[in-house]
1. On a 1.4 Å probe surface of the protein chains, which of PHE60, PHE310 comes out largest in accessible area, and what is the full order?
2. Would you mind checking which residues have amide H under 5 Å from TYR348's amide H? H placed 1.01 Å from N; only 5 or more apart, or other chain.
3. Rounded to the nearest 0.05, what FRET efficiency is calculated for LYS150 and GLU255 with R0 set to 35 Å and r the Cβ-Cβ distance?
4. Could you name the aspartates and glutamates whose alpha carbon sits less than 18 Å from that of LYS2, not counting residues in the same chain fewer than 8 places away?
5. If I histogram all Cα-Cα distances within the chain using bins 10 Å wide from 0, what percent of pairs lands in each bin?
6. Packing-wise, with mean Cβ within 10 Å as the measure, how do 5-18, 280-293, 132-145 rank, highest first?
7. Taking the Cα centre as origin and putting +1 on Lys and Arg beta-carbons and -1 on Asp and Glu beta-carbons, what dipole magnitude results for region 1-51, to the nearest 20 debye?
8. Pulled fully out, how much extra length does the chain show between LEU334 and ARG67, if you take 0.36 nm times their separation in residues and subtract their Cα-Cα distance?
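The values are calculated or read from the model by the stated rules, or taken from the named source; none is laboratory data. Remember, predicted model here, so these are calculated numbers, not experimental data. Positions of Cβ are backbone-derived with ideal geometry, glycine not excepted, and every protein chain shown enters the neighbour counts. Surface areas here come from the heavy atoms of the whole protein model, side chains and all, with no ligands, DNA or RNA. Shrake-Rupley method; radii C 1.70, N 1.55, O 1.52, S 1.80 Å.
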Amino acid sequence: MKLYYLSTASFSQVDVGVLDLLAGKCDIHYSVVIQNKNTNFTSEELQDYCARNGVAYQAFLLKYRFRDIRIASIFYSIIRDIREKNPDVIYIASFDHPIFALLSGLLDRKKVIIGLHDVEYHSNFPNAKMLGIGRKIVMSLFQTFQVFSKSQERLFRRLYPSKKVYAIPLPLSDYGDGQRTAARDGGVRFLFFGNILPYKGLDVLLNAVNGLSKTRRDFTLTIAGRCDDWSAQYEPMIGDDSVIEKKIGFIGNDEVAPLFSGTDYLVLPYRDATQSGPLMISYNYGVPVIASRIDSFVDQVEEGISGYLFEPESPGDLQRILERVLTDHGDRYLKLSETTRKFVSDTYSRERIASRYLSMFNEISKRKS
């Protein structure tokens with residue numbers, strides 16, 4: 001089966017979790033749109049990954065701004081490349097630019113699967129109005145889609161009952177071996193990781209930590225990720241610097257494994273979410289999570305087995321959970337780590353997820369013109 005897999009560097013964390021396992025079963029051409037920012041991997045890193053795993057690789061540099069009409073020339077080059085390679089299956093990680101959406105109508109639509117990372121855009125999502133136009137075009141042109149969580153599948157079926165949808169969870173995200181280390185002071189280590197955006201609720205976490213630090217010092221919170229308005233928005237919210245470690249800026253892939261191996265809990269105080277890349281990194285390293293009780297995390301976090309849930313946008317309830325894990329840490333943490341690893345092995349094994357991708361691609365390949 002010839003598979004043309006088109007993605008963007010912001011989604012490549014997902015791609016590298018599955019393509020190596022498919023390489024022996026499909027003839028894969030992996031094309032990646034490289035943006036100027038918010039990329040998870042460099043083109044060189046992706047090229048090296050593909051060379052090691054027998055996957056053909058091609059990069060398309062997105063050198064124009066999102067609203068620059070010249071971007072059409074890059075999109076046309078991508079569509080022309082797909083048509084020239086004439087694959088059996090075309091997988092496109094959703095890229096809802098209106099121009100690209102229109103040009104994608106030149107493809108054989110029976111061969112196309114659109115991977116939707118967000119059935120509906122997050123609150124305060126950049127360029128949401130323009131992307132919404134592209135999404136309407138995509139939904140009018142194509143019939144087959146993939147989503148990455150049960151909650152997104154439920155939403156998709158409600159909004160688009162006539163469309164075909166596959167639900168396949170995100171693969172685990174492996175950034176190499178990480179040697180488990182203990183906290184130097186014996187305290188509990190919490191981690192907030194990833195691009196810092198309003199919907200991710202870092203303000204909720206900071207408010208909870210401010211309350212907690214008034215009575216306890218047996219913990220640290222590491223905040224690691226890029227942020228465009230850190231100094232104005234979040235820095236002033238920090239009440240006690242002694243319990244906060246900041247790594248604000250680009251986090252290299254070589255830094256990820258040490259970060260997760262050196263933490264006890266990942267904290268996900270999101271206001272809304274479709275699925276979470278940091279969650280799948282955390283699960284890969286057997287790290288339990290503390291997450292807001294929103295639909296996607298209710299589906300992905302087993303209460304008391306792989307972590308704990310708290311009421312969304314409630315610093316008080318989050319503080320209650322943080323105090324609970326601090327108090328119970330010595331007695332319960334080893335058991336929680338064990339149950340987290342078993343839950344992840346049973347639910348999110350890379351082999352199981354790759355087999356579901358392969359089944360999806362096989363079904364679509366039968367539709368060839």
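1. PHE60, PHE310
2. For TYR348, whose amide H was placed from the backbone, there are no distant partners under 5 Å.
3. The value I calculate is 0.65.
4. Answer for LYS2, where 18 Å is the Cα cut-off: ASP15, ASP20, ASP27, ASP81, GLU84, ASP88, ASP108, GLU363, listed by chain and number.
5. 5, 23, 32, 24, 12, 3, 0
6. Highest-to-lowest ranking by the protection proxy: 280-293, 5-18, 132-145.
7. The dipole of region 1-51 has a size of about 200 debye.
8. Once the chain is fully extended between LEU334 and ARG67, it gains 91.0 nm.
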